[in-house]
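Let me begin by presenting the structure, written as structure tokens, before commenting on it.
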Amino acid sequence: GLSKTYRRVVGREISLTAALADVSFSVAPQEFVSVIGPSGCGKSTIMKILAGLLDPTSGSVKVSGRPVEGPGIDRGCVFQSPGLMPWKTVVDNVVLALEFAGVPKRERRRRAKEYVGLVGLDGFERHHPGELSGGMQQRVGIARALAIEPVVLLMDEPFGALDALSRTRMQDELLRIWEQTKKTVLFITHSIEEAVVLSDRVLVMGNGVIAADVPIDLPRPRS
Ligand code: ADP
Ligand code: ADP
């Protein structure tokens, strides 16, 4: 039942934009669901509300049956820009997230290394983000989100800033990671191609509503 109306003061007027109008959906455990739709249809608004970065005007979000408000370690988030700390190494970027998540100190490094390995970056632990390609930086972003061992992985256009080749490579990589972790994923993209290749189900949005909810019955490429 999510609705969101943005209010902005423009001069003496208040401008209202209805970005979401009573949107409801649920994602089953271990399901990979994509949300697609044209620019401005409300995808990022959904993502920000699910991530706890934005309050809905009305409606609520539940994770594992519990209402959530604000960000929490039950949701791992990956945005278009991984926003890594450039002065910290790959592994220390993940360690930092684990520190914020309240993971005990003695466990952080071991866990960070485990997830850096999971995303295929073994051997790059001590590199700094600036030494890595865009795709590799985004893998660190995925490792950081998964390392907190969230209930659901929320991804908003995670490969949107990559060139076409890196993008397909990262799609394969994400499928491989998904096969290994069977993590519940909500994936936002404007690319129907990307949605179809990756998902079990695609929610098609337009104008702040879900216009279609489509199961995808393609055999996944096995790694
Ligand atoms: P998408 O991610 O699908 O491009 P958004 O969720 O970003 O869509 O935006 C949905 C609608 O809400 C658009 O009309 C957009 O202009 C508007 N919008 C988004 N953020 C704001 C904001 N902070 N203030 C006012 N309007 C906004
Ligand atoms: P991606 O987009 O998946 O990161 P790239 O095309 O950027 O892939 O890189 C291709 C391969 O080159 C990577 O998988 C990685 O093994 C290697 N590579 C990229 N950057 C570096 C680097 N700075 N040092 C060593 N190897 C690298």
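What follows draws every value from the coordinates through simple rules; no lab data is involved. Keep in mind that what you see is a predicted model, and the values were worked out from it rather than measured. We place every Cβ from the backbone using ideal geometry, glycine too, and count neighbours over all the protein chains shown.
Once backbone amide H atoms are built at 1.01 Å from N, Thr57 has Ser3, Lys4, Thr5 as its partners under 5 Å, excluding neighbours fewer than 5 places away on the same chain. Beta-bridge orientation, the stretch 73-223: approximately 40 percent antiparallel, per DSSP, counting only bridges with both partners inside.
In whole Å, how far is the Cα centre of the stretch 149-193 from that of the stretch 43-98? Each part reduced to its Cα centre gives a spacing of 15 Å. Protection proxy ranking, highest mean first, for peptides 16-24, 135-143, 58-66: 135-143, 16-24, 58-66, where packing is the per-residue count of other beta-carbon atoms within 10 Å, averaged. Using equal-weight Cα scatterers in the Debye expression, the normalised intensity of the stretch 113-223 in log10 at q = 0.13, 0.18, 0.20 Å⁻¹ is -0.52, -0.96, -1.16. Relative to the longest principal axis of the Cα atoms of the chain, the long axis of helix 90-100 lies at roughly 60 degrees. In plain terms, if you count all Cα to Cα distances in the stretch 51-176 and split them into 10 Å steps from zero, the share in each step is 13, 43, 32, 11, 1 percent. Remark: the Ala211-Arg8 segment gains 70.4 nm on full extension, using 0.36 nm per residue and subtracting the alpha carbon distance. Against the main long axis of the alpha-carbon atoms of the chain, helix 164-181 sits at an angle near 80°.
For the stretch 58-70, backbone phi angles converted through the Karplus equation (6.51, -1.76, 1.60; θ = phi - 60°) give residue-by-residue couplings of 8, x, 8, 10, 10, 10, 6, x, 9, x, 10, 9, x Hz, Gly and Pro being listed as x. In straight-distance terms, cross-link reach from Lys88 covers every one of the aspartates and glutamates whose alpha-carbon lies under 18 Å from its own, apart from those fewer than eight places away in the same chain; here that gives Glu99, Glu114, Asp122, Glu125, Glu131.
Rounded to the nearest whole Hz, the Karplus-based 3J(HN,Hα) values (6.51 cos²θ - 1.76 cosθ + 1.60, θ = phi - 60°) of the stretch 18-33 follow the sequence 7, 8, 9, 10, 6, 8, 10, 6, 9, 10, 7, x, 6, 8, 10, 10, with x at glycine and proline.
Relative to the longest principal axis of the Cα atoms of the chain, helix 134-147 runs at roughly 90 degrees. For the chain, the equivalent ellipsoid built from the Cα gyration tensor has semi-axes of 29, 21, 17 Å, listed from largest to smallest. Here the Karplus relation 6.51 cos²θ - 1.76 cosθ + 1.60, evaluated at θ = phi - 60°, turns the backbone of the stretch 152-159 into coupling constants of 9, 9, 9, 10, 10, 6, x, 10 Hz, with x for every Gly and Pro.
When the Cα positions of Ile14, Gly37, Phe100 are compared along the charge dipole of the stretch 1-119, Phe100 comes out farthest toward the positive end, with charges on each C-beta of Lys, Arg, Asp and Glu. Measuring from label point to label point, each 7 Å out along Cα→Cβ, what is the Arg176 to Arg110 span in nm? It works out to 2.6 nm between the two label points.
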